[in-house]
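S.K.: So that we are looking at the same thing, I have put the structure below in structure tokens.
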Amino acid sequence: MAQVDFAERQMTLKLVYFGPPLSGKTSNLRALHAKVDKLNRGRLMTLDTRDDRTLFFDLLPIFFRTSNFSFRIKVYTVPGQHVHEATRKVVLAGADGVVFVADSAPTAVGPNREAWIGLQQNLHAHSLEAIPIVVQYNKRDLPDAMPLATIDHFGDPNRRLIEARARAGLGVIPTFFELVTAAWETLDKDLGLASKLGIDSKVFRGSLAEHVGVPDAVD
Ligand SMILES: Nc1nc2c(ncn2[C@@H]2O[C@H](COP(=O)(O)OP(=O)(O)OP(=O)(O)O)[C@@H](O)[C@H]2O)c(=O)[nH]1
Ligand SMILES: [Mg+2]
């Protein structure tokens with residue numbers, strides 16, 4: 001759950017990029033890091049310590065202010081490899097939203113599904129079933145990418161699927177915006193943020209767009 005500090009007028013959101021091995025989670029974070037103005041982001045931390053599996057994730061901090069409030073967004077990735085199940089669970093704790101980065105390759109149908117089930121189990125274990133999940137299908141540039149019409153919609157035929165080519169930076173910002181906005185709206189419903197902070201959803205989105213520099217991705 002987001003940390004809101006009314007005295008300091010500061011709020012911290014935690015977002016997690018989840019998905020099967022090698023689907024492009026870290027590539028999403030690299031592209032975000034490259035696109036967000038350096039005044040609005042910290043260092044991209046990529047921790048690949050192999051021996052210590054609990055310290056195996058990426059983290060990119062993003063921050064911006066509205067006129068009277070400051071927001072911090074901590075963006076994490078989990079490691080997709082099977083062996084890192086314990087790490088995935090730890091990283092998901094306290095998340096305010098998840099991007100599920102699925103792989104468009106035909107060979108990834110099974111791994112996508114397995115990762116989706118793992119995500120649901122972990123969210124259940126943390127009682128986080130209500131947080132928003134945005135599904136991104138990455139690697140749309142692959143010549144044999146699964147067509148969107150027949151691709152797995154993970155149990156909801158009406159689910160919006162965001163197409164991406166994360167290595168080329170495409171689809172990365174729209175995915176991030178969609179999740180940040182959904183996370184804000186979920187928290188607003190639960191905590192009445194708009195009335196407590198005096199910032200409505202539109203102001204929040206406008207400010208986010210201004211500071212990550214892509215106003216056209218909002219509407
Ligand atoms: N063709 C193609 N390859 C991509 C794309 N995005 C990422 N890749 C490649 O996929 C491989 C895995 O990318 P990563 O970003 O490391 O994937 P990951 O999900 O972080 O992997 P794990 O952390 O090991 O689960 C790399 O070789 C990337 O260059 C894309 O849009 N298209
Ligand atoms: Mg990775």
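The values are calculated or read from the model by the stated rules, or taken from the named source; none is laboratory data. Note that this is a predicted model, so its numbers are computed, not measured. Here Cβ is always computed from backbone atoms with ideal geometry, including for glycine, and neighbour counts include all displayed protein chains.
S.K.: Of A108, A34, A102, A95, which residue is among the aliphatic types (A, V, I, L, M), over 20 Å from A182 (Cβ atoms), under 18 Å from the mean Cα position of the chain (by Cα) and at pLDDT 90 or above?
M.R.: Working: A108 fails: under 18 Å from the mean Cα position of the chain (by Cα); A102 fails: over 20 Å from A182 (Cβ atoms); A95 fails: over 20 Å from A182 (Cβ atoms).
None of the other options fit; the residue is A34.
S.K.: Related question: May I ask you to say which residue of V135, V172 is free of Cβ contacts under 8 Å to residues at least 40 places away in the same chain and buried (at least 20 other Cβ atoms within 10 Å of the Cβ)?
M.R.: That would be V135, the only listed residue that is free of Cβ contacts under 8 Å to residues at least 40 places away in the same chain and buried (at least 20 other Cβ atoms within 10 Å of the Cβ).
S.K.: Determine whether the stretch 183-204 contains at least one residue that is surrounded by 12 or more Cβ atoms within 10 Å (Cβ to Cβ), aromatic (F, W, Y) and under 15 Å from the mean Cα position of the chain (by Cα).
M.R.: Filtering the stretch 183-204 for residues surrounded by 12 or more Cβ atoms within 10 Å (Cβ to Cβ) gives 183-188, 191, 193-194, 197-201, 203-204.
This time we only want the ones that are aromatic (F, W, Y), so: 184, 204.
Now narrow it down to the ones that are under 15 Å from the mean Cα position of the chain (by Cα): 184.
Within the stretch 183-204, one or more residues are surrounded by 12 or more Cβ atoms within 10 Å (Cβ to Cβ), aromatic (F, W, Y) and under 15 Å from the mean Cα position of the chain (by Cα).
S.K.: Go through the stretch 5-18 and report how many residues are among the hydrophobic types (A, V, I, L, M, F, W, C), within 15 Å of L193 (Cα to Cα) and either without any contact (Cβ under 8 Å) to a residue 40 or more places away in the chain or assigned to a strand (DSSP E or B) (or both).
M.R.: Residues in the stretch 5-18 being among the hydrophobic types (A, V, I, L, M, F, W, C), within 15 Å of L193 (Cα to Cα) and either without any contact (Cβ under 8 Å) to a residue 40 or more places away in the chain or assigned to a strand (DSSP E or B) (or both): 3 in total.
S.K.: List every residue pair whose Cβ atoms lie under 7 Å apart, where the two residues are 6 or more positions apart in sequence or sit on different chains, the first residue falls within the stretch 62-83 and is farther than 13 Å from R205 by Cα, and the second residue, located anywhere, is within 16 Å of ligand 2 (Cβ to nearest atom) and acidic (D, E).
M.R.: Going by the 7 Å Cβ cut-off, the qualifying pairs are Y76/D58; T77/D58.
S.K.: Let me ask another. Pairs please, first residue from the stretch 19-41 and closer than 16 Å to V91 by Cβ and in a helix (DSSP H, G or I), second anywhere and acidic (D, E) and within 9 Å of ligand 1 (Cβ to nearest atom), Cβ atoms under 7 Å, 6+ apart in sequence or on different chains.
M.R.: T26/D58; L29/D58
S.K.: I need the strands (runs of 3 or more DSSP E) fully contained in the stretch 91-207, keeping only those with at least 3 residues that are in contact with an Asp or Glu (Cβ under 8 Å, 6 or more places away or on another chain) and farther than 24 Å from R65 by Cβ.
M.R.: Strands (runs of 3 or more DSSP E) meeting the threshold: 133-138.
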